[in-house]
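Here is the structure we will look at, set down as structure tokens.
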Amino acid sequence: MTKMGETVLEIDLSALEHNYRFLRSRLKDTTKFLGVVKAFAYGSDSVAIAKKLESLGADYLAVAYVKEGIVLREAGIRLPILVLHPLPVSFDRLLAYGLEPNIYSVKILADFLQFAQKQGLKRYPIHVKFNTGLNRLGFSEAQVDELALVLEGQDEVEVVSVLSHLAASEDLNEREFTEKQIASFERIVHALLPRLKGRPVLHLLNTSGIINYDRAQYDMVRSGIGLYGFGNEDSIDRQLKPVATLKTVISQIHTIEKGQSIGYNRAYKADESVVTATLPIGHADGIGRQYGNGKAYVTINGHKAPIIGNVCMDMIMVDVSGIDCKEGDEVVVFGERPTAEEFAMGAKTISYEILTGISQRVERKIKN
């Protein structure tokens, strides 16, 4: 059994390359590729992931907030970076670092135009987002004319892309809804493009959109979770490789006799003698309390070891009865087995949440 020193999150860049090439293989050669690296690149390492995507030939990167883009610029990333949720308080830093804002409402457009005028900007790149059904951010289809009138009357900014976001592209039971979103986007584009000064890039598809609706790939696609090894359906997951593997170590082994309890609030009481291992990872590291009491398992020496008792801030306890293991042995929390998706399912959540929730106090180790 491998000896471990502490809890680590291994980031496998060769797996990232595999996933990138798999997704690209489903696209036309002329379709651009935007890699989503927000939230520390889905909990991994945004700089390492961005550098790898840049070397692989990605055309764009996207982050949620300006400060995430600044981290990439300061690390030497030169690819254009779309900021999906810019806020006026960050406009000055957005400009200083050459980031490109997603403009999603009348107010944010007015705020950015006012800022651009004060800065004396000319044809600064912006992206315009439309809400076609997700109902989160974006102009409505009914606002096309209002938006066009504003854009026609200025030269401070230039629309370099028009985008929307699918709400349920992974759920084929919602195909009719998705097709309505696609149709709405196409009506918007048909009405807006003749009124713009240049020809913007069009993009709508996310990872599941690439898989299920490739006819709507337009000029560019955006992939987040797919790059990190998850395609939102089993048949695709089997063709992808998890980029992140969370590993820890056995700190101590106990024999718990019948009638004894384990952990806070005595949440687990032994019906018979059990052997437990204590691991140095807990809810402060991103393994929430919802994973306790048998809701999830880790893997030790190829065997499942369910989490028992309540998850503590810095520790969890697992049942290792019948598993040949010792203190200092390696434990896989998630990776290939269980995958992050399998680990998350036990607590009725999704891979996105467990991946992005891994605390920054967990050391990241990059594997090329």
Hey, how many Å between the Cα centroid of segment 303-354 and the Cα centroid of segment 158-217?
39 Å
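If a/c stays under 1.5 just call it rounded; otherwise compare a/b with b/c (prolate if a/b is bigger, oblate if not). Do that for segment 267-336, with a ≥ b ≥ c from the square roots of the Cα gyration tensor eigenvalues. Display every interim value, and only then the final one.
Details: a/c = 1.63, a/b = 1.09, b/c = 1.49.
It is oblate, given that a/c is not under 1.5 and a/b is not larger than b/c.
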For peptides 227-238, 262-273, sequence by mean Cβ density within 10 Å, most packed first
227-238, 262-273
Output ordering of 62-69, 91-98 (per-residue mean of other Cβ within 10 Å, highest first) is 62-69, 91-98
Over segment 135-176, with neighbouring protein chains present, the accessible area per residue in Å² at probe 1.4 Å is 51 Å²
Whole-Hz couplings from phi, Karplus 6.51/-1.76/1.60, listed for segment 328-334; x for Gly and Pro:
x, 6, 6, 10, 9, 7, 8
Return the lysines within reach of LYS326: Cα separation strictly under 20 angstrom, same-chain partners fewer than 8 residues apart disregarded; answer none if there are no such residues.
LYS3, LYS247, LYS304
Hits among lysines - C-alpha to C-alpha of LYS122 under 22 Å, sequence gap 8 or more where chains match
LYS107, LYS197
Only residues of segment 310-335 count here: report those whose backbone N is under 16 Å from the spot 7 Å along Cα→Cβ of LYS304, or say none.
318-323, 332-335
The chain shape via C-alpha gyration tensor axes, a/c threshold 1.5
prolate
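Where the accessible area of segment 255-368 is counted over protein heavy atoms with a 1.4 Å probe, how much of it, in %, is carbon and sulfur?
Working: 2660 of 5610 Å².
Carbon and sulfur: 47 percent of the exposed surface of segment 255-368.
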Just the number, please: carbon plus sulfur as a percent of the accessible area of segment 1-102, 1.4 Å probe, no ligands or DNA/RNA counted.
51 percent
Which net charge results for the neighbourhood of LEU84, defined as the other residues with beta-carbon distances under 11 angstrom from its beta-carbon, given Lys and Arg at +1 and Asp and Glu at -1?
+2
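How would you classify segment 28-175 from its alpha-carbon gyration tensor, with a ≥ b ≥ c the square roots of the eigenvalues: rounded for a/c under 1.5, else prolate if a/b is greater than b/c, otherwise oblate? Could the numbers behind the result be given before it?
Numbers: a/c = 1.81, a/b = 1.12, b/c = 1.61.
Verdict is oblate for segment 28-175.
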Could you compute how much accessible surface SER208 exposes when probed at 1.4 Å, giving the result in Å² to the nearest 10?
0 Å²
Roughly how many Å is it from the Cα centre of segment 20-95 to that of segment 106-136, as a whole number?
19 Å
Using a Förster distance of 41 angstrom, determine the FRET efficiency expected from the C-beta separation of VAL89 and THR255, and round it to 0.05.
0.15
Check which residues have an amide H placed less than 5 Å from GLY294's amide H, if you skip close sequence neighbours.
ILE307, ILE308, GLY309
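The values are calculated or read from the model by the stated rules, or taken from the named source; none is laboratory data. Just so it is clear, the structure is predicted and the values come from calculations on it, not from any experiment. So basically every Cβ, Gly included, is an ideal-geometry build from the backbone, and we count neighbours across all protein chains shown. The protein model used for the area step is the full one, side chains on, heavy atoms only, and it has no ligands, DNA or RNA in it. Shrake-Rupley method; radii C 1.70, N 1.55, O 1.52, S 1.80 Å.
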